[in-house]
1. With respect to GLU408, is the statement that it is touching a residue at least 12 places away in the same chain (Cβ under 8 Å), farther than 22 Å from VAL358 by Cβ and surrounded by 14 or more Cβ atoms within 10 Å (Cβ to Cβ) true?
2. State whether one or more residues within region 135-157 are modelled with pLDDT of 95 or more, within 13 Å of the ligand (Cβ to nearest atom), more than 18 Å from SER360 (Cα to Cα) and outside any helix (DSSP H, G or I).
3. List pairs: first residue in region 371-382 and open to solvent by less than 50 Å² (accessible area, probe 1.4 Å), second residue of a type in the set (Gly, Ala, Ser) anywhere in the structure, Cβ distance under 7 angstrom, at least six positions apart or on different chains.
4. For region 411-448, give me each residue that is open to solvent by less than 20 Å² (accessible area, probe 1.4 Å) and more than 20 Å from ARG375 (Cα to Cα).
5. Could you tell me whether region 410-424 includes any residue that is among the aromatic types (Phe, Trp, Tyr), outside any helix (DSSP H, G or I) and either modelled with pLDDT of 95 or more or under 19 Å from VAL278 (Cα atoms) (or both)?
6. Return yes when GLU348 is of a type in the set (D, E, K, R) and buried (at least 18 other Cβ atoms within 10 Å of the Cβ) and no when it is not.
7. Does ASP176 fit the bill of being open to solvent by 40 Å² or more (accessible area, probe 1.4 Å), in contact (Cβ under 8 Å) with a residue 40 or more places away in the chain and touching a Pro at 6+ places or on another chain (Cβ under 9 Å)?
Amino acid sequence: TSAQIGVTGLAVMGRNLARNFARNGYTVAVHNRTEARTKALVEEFGGEGDFIAAETAEEFVAALERPRRLVIMVKAGAPTDAVIQEFAPLLEPGDMIIDGGNAHFADTRRREKALREQGIHFVGMGVSGGEEGALHGPSIMPGGPRESYDSLGPMLEKISAKAKDGAPCVTHIGPDGAGHFVKMVHNGIEYADMQLIGEAYQLLRDVAGYSPAEIAGIFRRWNTGRLDSYLIEITAEVLSHVDAATGKPFVDVVVDQAEQKGTGRWTVQIALDLGVPVSGIAEAVFARSLSGHAALREASQGLAGPKAVPLGKDEAAAFADRVEQALYASKIVSYTQGFHEIAAGSEEYDWDIDLGAVSSIWRGGCIIRAAFLDRIRAAYDARADLPSLLSDETFAREIAGAQDDWREVVIAAVRQGVPTPGFAAALAYYDALRAARLPAALTQGQRDFFGAHTYRRVDQEGSFHTLWGGDRSEVSA
Ligand code: NBP
């Protein structure tokens, strides 16, 4: 017998993905650099389906039916290149290498181009949902040549998560690096979602005076409404957890320095390159980095703050409702910014990404799965070339309903000295987009003054320069 698919790299992700394929009836060839992992997988889970354990790269390739489908699940970066170099010479034209790691999309573009010259189809595939997702159904974002999806797609549709309406959470995203790009932005949005939830928690605690257990209850309530999502659900779990050793809320015994692996940072770096304002995602990345500067924070402990006046019991409940509005409005803005980045990447690299399809496959399996994504899909269904999610009528109406409370929450945060960079940046983005006039006109005047950078006029075509050092008359540039 031969295997329909092979997985090399059997750490948490690879091994669970291999088991997922096997549980769905596929014969799976498995391989890992360190052979002990391969043996352990077959010993522990061999009963779940048909595995072919391969000791060497040659055995692994020989076990696969043709055209071969070979999934790589190793550490992103140099290890991925090493594995491609090891396997590519053993493959034939028409075979497929699928990289399920968190590769940078630029690496995926480079690898796809090099392998295409050898006739090998390279699929850069974003996988979200962590190890549980890999086993029970992740959200899958495959890029690469369209024809690769003809044979790979049905298998991915089987192992992927299913949205509530039963649709598989996978679609062909676009050529070369498109899948990894979309996975990158997914993670950027995840950072923003987590930051906004964190700010909501901090406000409920420091301004409204609720305990972590009470806040868990508030999040559980929110989870039955429009904020219904995996991240809100697990937030309630984490907040209600009590540390066994001390009896304190778990959240109070964890060091408050957030770590990151890099995909959030990439989202912001690429957004800067593309000229896309992703201020909410950027604030989330910066907030994690600020939290990690222990010495700087220690040295800043004596800095003055406002006199904080906690709310009374009856005001607290009303404030919590406002925080829900602020969180929801800010969430709309982060997704607006994230989808803008995907649209800009798609334009820059000619990927022709279907934004509605992207929101659709994020509805299940992935970390940002949420009822909210149904609304985003509806917005793109109504108008595929929507310039911005904020131009969708439903979202515009929802923000209109939330904005007063949103502003009150940011005001309260500023007054009480609680940092809410996510809420505030989202609100500033919203107000900047709404503004009839921006101070950018003044910026242009300054640039023309010191650098003769010229400006355009509201009432005439062309570029102009004012002779600032002379008689201040205007010349056509
Ligand atoms: P790791 O990222 O920890 O990678 C470990 C695997 O890489 C092992 O199988 C290891 O083999 C193999 N490997 C390394 Br390291 N260097 C190698 C080399 N030079 N040649 C061959 N194999 C090499 O595993 P993971 O956490 O399962 O993640 C796998 C991929 O999936 C990563 O790209 C990750 O970013 C991505 N991802 C992870 C998650 C998650 O929740 N963890 C979610 C979504 C995506 P060995 O056993 O011989 O050391």
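The values are calculated or read from the model by the stated rules, or taken from the named source; none is laboratory data. What you are looking at is a predicted structure, and each value in this text was computed from that prediction instead of being measured. Counting neighbours? That spans all protein chains shown, and the Cβs are built from the backbone with ideal geometry, glycine included. For accessibility, only protein heavy atoms count, side chains too; no ligands or nucleic acids. Shrake-Rupley method; radii C 1.70, N 1.55, O 1.52, S 1.80 Å.
1. Details: touching a residue at least 12 places away in the same chain (Cβ under 8 Å): yes; farther than 22 Å from VAL358 by Cβ: yes; surrounded by 14 or more Cβ atoms within 10 Å (Cβ to Cβ): yes.
Yes.
2. Checking region 135-157: not a single residue is modelled with pLDDT of 95 or more, within 13 Å of the ligand (Cβ to nearest atom), more than 18 Å from SER360 (Cα to Cα) and outside any helix (DSSP H, G or I).
3. Qualifying pairs under 7 Å: ALA371/SER229; PHE372/SER229; LEU373/SER359; ILE376/SER359; TYR380/GLY356; TYR380/SER359.
4. Within region 411-448, the subset open to solvent by less than 20 Å² (accessible area, probe 1.4 Å) is 412-413, 418, 420, 422-423, 425-427, 448.
If the condition is that a residue be open to solvent by less than 20 Å² (accessible area, probe 1.4 Å) and more than 20 Å from ARG375 (Cα to Cα), then ALA412, ALA413, VAL418, THR420, GLY422, PHE423, ALA425, LEU427, ASP448 are the ones that fit.
5. no
6. no
7. Details: open to solvent by 40 Å² or more (accessible area, probe 1.4 Å): no; in contact (Cβ under 8 Å) with a residue 40 or more places away in the chain: yes; touching a Pro at 6+ places or on another chain (Cβ under 9 Å): yes.
Against the criterion (open to solvent by 40 Å² or more (accessible area, probe 1.4 Å), in contact (Cβ under 8 Å) with a residue 40 or more places away in the chain and touching a Pro at 6+ places or on another chain (Cβ under 9 Å)), ASP176 does not qualify.
Yes/no per residue for (1) under 20 Å from GLY14 (Cα atoms); (2) small (Gly, Ala, Ser); (3) touching a Gly at 6+ places or on another chain (Cβ under 6 Å):
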| position | (1), (2), (3) |
| --- | --- |
| GLU86 | yes, no, no |
| GLY126 | yes, yes, yes |
| ALA134 | yes, yes, no |
| ILE140 | yes, no, no |
| GLU147 | no, no, no |
